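Novice: Pasting a structure below so you can have a look.
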Amino acid sequence: YGNNGVTSGSPAYTNGHSGNALVFDGANTVVALPPNIACSNGFTFAAWLNWNGGGNWQRIFDFGNSTTHYMFLTPSSGGATLRFAIANGGSEQRVETSGLSPNQWRHVAVTLSGNTARLYVNGALAASNTGMSISPANFNPRVNFLGISQFIADPLFKGLMDDLLITDYAMSAAQIAGLQ
(Lines give C-alpha, C1' and ligand atoms only; values in the text may rest on other atoms or scores of the structure.)
Protein backbone atom coordinates (compact mmCIF):
# COMPACT_ATOMS: atom_id res chain seq x y z
CA TYR A 1 0.00 0.00 0.00
CA GLY A 2 3.01 2.30 -0.28
CA ASN A 3 3.38 2.60 3.49
CA ASN A 4 6.95 1.39 3.62
CA GLY A 5 9.27 2.59 6.34
CA VAL A 6 12.65 4.19 5.74
CA THR A 7 15.55 3.00 7.88
CA SER A 8 18.32 5.30 9.05
CA GLY A 9 21.40 4.88 11.18
CA SER A 10 23.12 1.53 10.89
CA PRO A 11 20.34 -0.88 9.88
CA ALA A 12 21.24 -4.55 9.84
CA TYR A 13 19.33 -7.79 9.60
CA THR A 14 19.76 -11.09 11.40
CA ASN A 15 17.85 -14.32 11.90
CA GLY A 16 14.50 -13.44 13.36
CA HIS A 17 11.53 -15.28 14.75
CA SER A 18 10.57 -16.24 11.20
CA GLY A 19 12.92 -15.12 8.47
CA ASN A 20 14.95 -11.96 8.97
CA ALA A 21 14.54 -9.39 11.75
CA LEU A 22 15.64 -5.78 11.80
CA VAL A 23 18.38 -5.11 14.36
CA PHE A 24 17.84 -1.95 16.39
CA ASP A 25 21.25 -1.20 17.87
CA GLY A 26 20.13 1.26 20.57
CA ALA A 27 22.53 3.84 19.13
CA ASN A 28 21.18 5.19 15.86
CA THR A 29 18.98 2.68 14.01
CA VAL A 30 15.40 3.89 13.59
CA VAL A 31 12.61 3.51 11.06
CA ALA A 32 10.52 6.47 9.90
CA LEU A 33 7.01 5.58 8.77
CA PRO A 34 4.76 7.66 6.51
CA PRO A 35 2.41 10.26 8.01
CA ASN A 36 -0.72 8.34 7.06
CA ILE A 37 -0.01 5.46 9.47
CA ALA A 38 -2.52 5.09 12.32
CA CYS A 39 -4.70 8.13 11.62
CA SER A 40 -8.05 6.37 11.96
CA ASN A 41 -10.29 5.84 14.96
CA GLY A 42 -8.89 2.36 15.54
CA PHE A 43 -5.64 0.58 14.93
CA THR A 44 -3.54 -2.50 15.60
CA PHE A 45 0.21 -2.75 16.02
CA ALA A 46 1.65 -6.26 16.19
CA ALA A 47 5.22 -7.57 15.98
CA TRP A 48 7.59 -10.24 17.17
CA LEU A 49 10.12 -8.57 19.49
CA ASN A 50 13.34 -9.65 21.12
CA TRP A 51 14.22 -6.77 23.42
CA ASN A 52 17.80 -6.62 24.72
CA GLY A 53 16.85 -4.83 27.94
CA GLY A 54 18.42 -1.58 29.06
CA GLY A 55 16.97 1.76 29.98
CA ASN A 56 13.30 2.46 30.59
CA TRP A 57 11.21 4.33 28.02
CA GLN A 58 12.75 2.80 24.90
CA ARG A 59 10.16 2.93 22.15
CA ILE A 60 8.91 0.01 20.13
CA PHE A 61 6.89 2.63 18.30
CA ASP A 62 6.08 6.29 18.81
CA PHE A 63 3.49 7.92 16.54
CA GLY A 64 2.56 11.56 17.04
CA ASN A 65 3.28 15.19 16.46
CA SER A 66 5.02 16.29 19.65
CA THR A 67 5.53 15.47 23.31
CA THR A 68 1.89 16.40 23.97
CA HIS A 69 0.20 14.60 21.04
CA TYR A 70 1.40 11.00 20.74
CA MET A 71 0.85 7.31 21.19
CA PHE A 72 3.62 4.89 22.00
CA LEU A 73 4.50 1.39 23.10
CA THR A 74 7.46 0.83 25.42
CA PRO A 75 8.83 -2.52 26.64
CA SER A 76 9.64 -0.99 30.04
CA SER A 77 8.07 2.15 31.49
CA GLY A 78 9.37 3.89 34.60
CA GLY A 79 7.30 1.33 36.51
CA ALA A 80 8.86 -1.59 34.58
CA THR A 81 5.64 -2.26 32.63
CA LEU A 82 4.92 -2.92 28.97
CA ARG A 83 2.92 0.24 28.34
CA PHE A 84 0.78 1.63 25.55
CA ALA A 85 -0.06 5.30 26.09
CA ILE A 86 -1.90 7.95 24.10
CA ALA A 87 -2.28 11.70 24.71
CA ASN A 88 -3.94 14.53 22.84
CA GLY A 89 -2.61 17.62 24.59
CA GLY A 90 -3.97 16.62 27.99
CA SER A 91 -3.69 13.72 30.38
CA GLU A 92 -2.15 10.49 29.14
CA GLN A 93 -4.38 7.43 28.86
CA ARG A 94 -2.73 4.03 29.11
CA VAL A 95 -2.95 0.29 29.34
CA GLU A 96 -0.07 -1.70 30.78
CA THR A 97 1.04 -5.11 31.96
CA SER A 98 4.23 -6.79 33.17
CA GLY A 99 7.31 -5.57 31.31
CA LEU A 100 9.00 -7.67 28.67
CA SER A 101 11.76 -10.01 29.77
CA PRO A 102 15.00 -9.29 27.91
CA ASN A 103 16.50 -11.59 25.28
CA GLN A 104 13.33 -13.61 24.60
CA TRP A 105 11.12 -13.60 21.53
CA ARG A 106 7.64 -12.33 22.42
CA HIS A 107 4.74 -11.51 20.16
CA VAL A 108 3.31 -8.16 21.27
CA ALA A 109 0.15 -6.52 19.98
CA VAL A 110 -1.87 -3.47 20.95
CA THR A 111 -5.33 -2.67 19.61
CA LEU A 112 -7.45 0.43 20.05
CA SER A 113 -11.11 0.68 19.09
CA GLY A 114 -13.79 2.87 20.58
CA ASN A 115 -13.03 3.29 24.27
CA THR A 116 -11.03 0.07 24.57
CA ALA A 117 -7.31 -0.55 24.29
CA ARG A 118 -5.96 -4.08 24.61
CA LEU A 119 -2.43 -5.41 25.06
CA TYR A 120 -1.63 -8.95 23.96
CA VAL A 121 1.52 -10.93 24.71
CA ASN A 122 2.11 -14.18 22.82
CA GLY A 123 -1.46 -14.10 21.50
CA ALA A 124 -3.11 -13.85 24.93
CA LEU A 125 -4.87 -10.79 26.30
CA ALA A 126 -2.58 -9.39 29.00
CA ALA A 127 -4.39 -6.14 29.88
CA SER A 128 -7.18 -3.86 28.72
CA ASN A 129 -8.57 -0.43 29.50
CA THR A 130 -12.18 0.45 28.62
CA GLY A 131 -11.76 4.12 29.56
CA MET A 132 -9.80 5.26 26.51
CA SER A 133 -11.45 8.36 25.03
CA ILE A 134 -8.63 9.40 22.66
CA SER A 135 -8.19 7.95 19.20
CA PRO A 136 -5.36 8.55 16.72
CA ALA A 137 -7.85 10.42 14.50
CA ASN A 138 -8.09 13.10 17.22
CA PHE A 139 -4.57 14.33 16.42
CA ASN A 140 -3.58 12.56 13.16
CA PRO A 141 -0.02 11.47 13.97
CA ARG A 142 2.41 12.73 11.31
CA VAL A 143 5.79 11.94 12.91
CA ASN A 144 5.86 8.17 13.18
CA PHE A 145 8.82 6.08 14.22
CA LEU A 146 9.92 2.62 15.22
CA GLY A 147 12.75 2.55 17.74
CA ILE A 148 12.82 6.22 18.82
CA SER A 149 10.73 8.46 21.04
CA GLN A 150 9.17 11.91 20.57
CA PHE A 151 10.86 12.65 23.92
CA ILE A 152 14.52 13.32 23.10
CA ALA A 153 15.86 12.11 26.48
CA ASP A 154 14.45 8.59 26.03
CA PRO A 155 16.90 5.90 24.91
CA LEU A 156 16.58 4.26 21.50
CA PHE A 157 15.16 0.74 21.26
CA LYS A 158 17.74 -2.02 21.46
CA GLY A 159 16.63 -5.38 20.15
CA LEU A 160 15.06 -7.14 17.18
CA MET A 161 11.73 -6.65 15.39
CA ASP A 162 10.19 -9.17 13.04
CA ASP A 163 6.85 -9.61 11.22
CA LEU A 164 5.57 -6.12 11.97
CA LEU A 165 1.94 -5.32 11.16
CA ILE A 166 0.05 -2.03 11.48
CA THR A 167 -3.64 -1.83 10.54
CA ASP A 168 -6.20 0.97 10.52
CA TYR A 169 -8.65 -1.11 12.56
CA ALA A 170 -8.56 -3.11 15.78
CA MET A 171 -7.96 -6.78 15.07
CA SER A 172 -9.99 -9.27 17.07
CA ALA A 173 -8.51 -11.55 19.73
CA ALA A 174 -8.80 -14.47 17.29
CA GLN A 175 -6.96 -12.52 14.60
CA ILE A 176 -4.18 -11.61 17.06
CA ALA A 177 -3.90 -15.25 18.14
CA GLY A 178 -3.67 -16.21 14.46
CA LEU A 179 -0.49 -14.14 14.09
CA GLN A 180 1.38 -16.61 16.27
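Novice: Rounded to a whole number, what % of the accessible area of the chain do carbon and sulfur atoms account for, probe 1.4 Å?
Specialist: The value for the chain is 48 percent carbon and sulfur by accessible area.
Novice: Relative contact order of region 107-180, please, whole-number percent, based on alpha carbon pairs below 8 angstrom and at least 6 residues apart.
Specialist: Rounded, it is 31 percent for region 107-180.
Novice: Further question on the same structure: Could you check which residue among Arg59, Arg94, Arg83 shows the biggest mean-square fluctuation in a GNM of the chain with a 10 Å Cα cutoff?
Specialist: For the chain, modelled as a Gaussian network with Cα springs under 10 Å, the answer is Arg94.
Novice: Determine ³J(HN,Hα), in whole Hz, for all residues of region 164-180 in sequence, where each value follows from phi through the Karplus function 6.51 cos²θ - 1.76 cosθ + 1.60 and θ = phi - 60°; x replaces Gly and Pro.
Specialist: 6, 9, 10, 10, 9, 8, 7, 5, 6, 4, 5, 5, 4, 4, x, 7, 5
Novice: Given a 1.4 angstrom probe, what's the average accessible area per residue across region 78-174, in square angstrom?
Specialist: 44 Å²
Novice: Right, next: Report the net charge of residues surrounding His69, where surrounding means a beta-carbon distance below 12 angstrom and charges are Lys +1, Arg +1, Asp -1, Glu -1.
Specialist: -1
Novice: Could I ask something else about it? Specify the residue with the greatest mean-square fluctuation among Thr130, Thr97, Thr74, computed from a Gaussian network of the chain linking alpha-carbon atoms under 10 Å apart.
Specialist: Thr130
Novice: Using θ = phi - 60° and the Karplus relation 6.51 cos²θ - 1.76 cosθ + 1.60, list the HN-Hα couplings for region 49-62 in order, rounded to whole Hz, with x at every Gly or Pro.
Specialist: Here the 3J(HN,Hα) series is 10, 10, 7, 7, x, x, x, 5, 6, 4, 10, 6, 9, 8 Hz.
Novice: Okay, moving on. How high is the relative contact order of the chain, in percent, with contacts defined as C-alpha pairs under 8 Å that are six or more residues apart?
Specialist: 33 percent
Novice: Could you give each residue of region 127-135 its phi-based ³J(HN,Hα) in whole Hz, using Karplus coefficients 6.51, -1.76, 1.60 with θ = phi - 60°, and x for Gly or Pro?
Specialist: In residue order, the calculated couplings are 6, 8, 9, 9, x, 8, 10, 9, 10 Hz.
Novice: Do any chymotrypsin sites (Phe, Trp or Tyr not before Pro) in region 1-54 lie in a loop, going by DSSP, with at most 13 other beta-carbon atoms within 10 Å of their beta carbon, and if so which?
Specialist: In loop regions of region 1-54 (DSSP not H, G, I, E or B), the sparsely surrounded chymotrypsin sites (Phe, Trp or Tyr not before Pro) are Tyr1.
Novice: On a full-extension model of 0.36 nm per residue, what is the gain between Ala80 and Asn138, subtracting their alpha-carbon distance, rounded to one decimal in nm?
Specialist: Contour length minus the Cα-Cα distance gives 18.0 nm.
Novice: Ok, one more. Give a quick list of chymotrypsin sites (Phe, Trp or Tyr not before Pro) in region 108-166 that DSSP marks as loop, anything other than H, G, I, E or B, with at most 16 other Cβ atoms within 10 Å.
Specialist: Hits after loop and neighbour filter: Phe151.
The values are calculated or read from the model by the stated rules, or taken from the named source; none is laboratory data. Nothing here was measured: the structure is a model prediction, and the numbers come from that model. FYI the Cβ positions are ideal-geometry reconstructions off the backbone, even for glycines, and counts take in every protein chain you see. Side chains are part of the model used for accessible areas, which takes the heavy atoms of the whole protein and leaves out ligands, DNA and RNA. Shrake-Rupley method; radii C 1.70, N 1.55, O 1.52, S 1.80 Å.
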